Amino acid sequence: MSTPEIAPRRRFLAENPSVLWFLGGLGLFTLGVTVLAEGFGLGTLSTSMVKILGMTLCLCLIAVAMDVVWGYCGILSLGHFAFFGIGGYAIGMWLMYARTEGIVTEALLSAPIPPTRTEITDAIAGQIFGVVGSSKLPVLWGFAHSLPLQLAMVVLVPGLLALVFGWLAFRSRVTGVYLSILTQAMTLALSLYLFQNDSGLRGNNGLSGLQNIPGLDHLPQATLSLWFFWASAAALGLGYLFFAWLVSGKFGSVIRAIRDNEARVRFLGYEVEHYKLVVFTLTAIIAGIAGALYYPQAGIVNPAEIAPIASIYLAVWVAIGGRGRLYGAVIGAAVVSLASSWFTGGGAPAIDLGFYRINWTDWWLVLLGFGFVAVTLFLPRGIGGLFDRLVRKS
């Protein structure tokens, strides 16, 4: 009875050798970073570099999700980074609450009279929201004391938002540029709401100190950064495997057909809206998980992370890597993310022309724009398409 179940899995891997190549490469990369990291191995890689690499893996994961929704299904979403940010806020609420609770409890226990639970809660609220002139814990933070519940929010909130938004948009048969504008409007509305001090999420201050994991204060950042790097690598590997399986079968054929000719697929009797809604919701959930892993490594999440421009950058990464190719999305996100860290982090030396000094921190976006135009003109299939050519020639 087990043979029929195992055979399809073997067929999937046999028909998609690129999945094995990717997972093998990711495993070797993870092993190499582990050996070189300060927290475990030789100490060649600094803790900050390990964090950058871990965050890059999270960006690769959301790029893969974006490639599925855009490259495979044809939905140019300019709002998926909003789901990424929501995942970061969801885990960030627990991180801030638990860390503040430990600090407040330790301080109050030294008082002559032991504090009540209400006094502890009020003190926590004052510590977190005093920066925005409030001393009350918003209703939004009702589950912030519980890690399992906040982890559920990482999945449920992006998923439900995508489900409701997608159901309203797809049942109205909004497509093309109009759908892109709607997703951008959703992102802008969410960003503007979060900028308000009374949003319950500390306005433009955002949630900070997320790199300090409650209960693990005794561990150095070198060790924690490596743990998060491993988690990010595992999430990317599992996400890539899941989406590769999803787009390789009948479901993948249908969503590619929707991308190429939606009217014909609808004429053939397929529920186009259902397929689009499943893709939109699943990719939003994966984006939320990626954000929940990214922001503890970044240390802070604020409304600027959810601004529409972030989702536009995401589309640029996928276009540069080559949409319609999962590995292309990974390549695009990794190349652009690491290049951005190098150019804007002071790694790239300034160029003195005599009459003008080029500081790459100021010129990085211009360089990215030129790179996007160059890839569009000379490599319309992206960097991933270049790999396809090399494979065919060999």
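Check the straight Cα-Cα distances from residue 276 and name the aspartates and glutamates below 20 Å, setting aside those fewer than 8 residues away within the same chain.
Straight-line reach from residue 276, under 20 Å: 67, 260, 262.
Using Cα positions and a limit of under 16 Å, work out the aspartates and glutamates in reach of residue 136, with same-chain residues fewer than 8 apart set aside.
101, 119, 122, 198
Heavy atoms only, probe 1.4 angstrom, no DNA, RNA or ligands counted: give me 44, 183, 105, 344 ranked by accessible area, highest first.
Accessible-area ranking of 44, 183, 105, 344, largest first: 44, 344, 105, 183.
Determine which aspartates and glutamates satisfy two conditions relative to residue 51: a Cα distance under 20 Å, and not lying fewer than 8 residues away in the same chain.
Counting by Cα, and skipping residues close in sequence, residue 51 has these aspartates and glutamates nearby: 38, 217, 305.
Quote the accessible area belonging to residue 117 in square angstrom, nearest 10, computed with a 1.4 Å probe and with ligands, DNA and RNA left uncounted.
120 Å²
Residues of the chain: accessible area per residue at 1.4 Å, in Å²?
Numbers: 19480 Å² over 394 residues.
With all protein chains present, the chain gives 49 Å² per residue.
Which one of 152, 169, 350 has the biggest mean-square fluctuation once the chain is modelled by GNM with Cα springs under 10 Å?
350
So who's got an amide H within less than 5 Å of the one on residue 211, skipping anything under 5 residues away but keeping other chains? H placed 1.01 Å off N, in plane.
Here 299 satisfy the definition.
Rounded to the nearest 0.05, what FRET efficiency do residue 355 and residue 204 have when you use their Cβ-Cβ distance and R0 = 25 Å?
Details: r = 38 Å, r/R0 = 1.51.
Plugging the Cβ-Cβ distance into 1/(1 + (r/R0)^6) gives 0.10.
What does the extension gain come out to for residue 300 and residue 174, with contour length at 0.36 nm per residue minus their alpha carbon separation?
Residue separation times 0.36 nm, minus the Cα-Cα distance, leaves 41.8 nm.
So what's the net charge close to residue 223: Lys and Arg +1, Asp and Glu -1, counting the other residues with Cβ under 14 Å from its Cβ?
Surrounding charge for residue 223 is -1.
Positive end of the charge dipole of region 1-153 (Lys, Arg +1 and Asp, Glu -1 on Cβ, about the Cα centre): tell me which of 91, 134, 152 has its Cα farthest that way.
152
Given the whole protein assembly as supplied and a 1.4 Å probe, what does the accessible area of residue 193 come to in Å², nearest 10?
110 Å²
Mind listing the phi-derived Karplus ³J(HN,Hα) values for region 294-305, rounded to whole Hz, using 6.51, -1.76 and 1.60 with θ = phi - 60°, and x for any glycine or proline?
For region 294-305, the Karplus-derived couplings read 6, 6, x, 7, 6, x, 7, 9, 9, x, 4, 5 Hz, x marking Gly and Pro.
Going by alpha carbons, how many degrees (0 to 90, nearest 10) lie between the helix axis of 308-321 and the longest principal axis of the chain?
Tilt relative to the chain: about 40 degrees.
When the accessible area of the chain is computed with all protein chains present and a 1.4 Å probe, what percentage of it is carbon and sulfur?
67 percent
Can you figure out the FRET efficiency of residue 218 with residue 156, using R₀ = 35 Å and their beta-carbon distance, to the nearest 0.05?
Working: r = 32 Å, r/R0 = 0.92.
About 0.65, to the nearest 0.05.
Between residue 120 and residue 274, 0.36 nm times their residue separation minus their Cα-Cα distance comes to what?
50.7 nm
Counting helices only, and only those DSSP H runs with n ≥ 4, report the 222 nm mean residue ellipticity of the chain as the sum of -39,500 (n - 2.57) divided by its residues, in deg cm²/dmol to the nearest 500.
Dividing the helical sum by the residues of the chain leaves -23500 deg cm²/dmol.
The values are calculated or read from the model by the stated rules, or taken from the named source; none is laboratory data. The model shown is predicted, which means the values in this text are computed figures rather than measured ones. A quick note on method: Cβ atoms are made from the backbone with ideal geometry, for glycine too, and the neighbour counts reach across all protein chains shown. Surface accessibility is based on the protein's heavy atoms, side chains included, excluding ligands, DNA and RNA. Shrake-Rupley method; radii C 1.70, N 1.55, O 1.52, S 1.80 Å.
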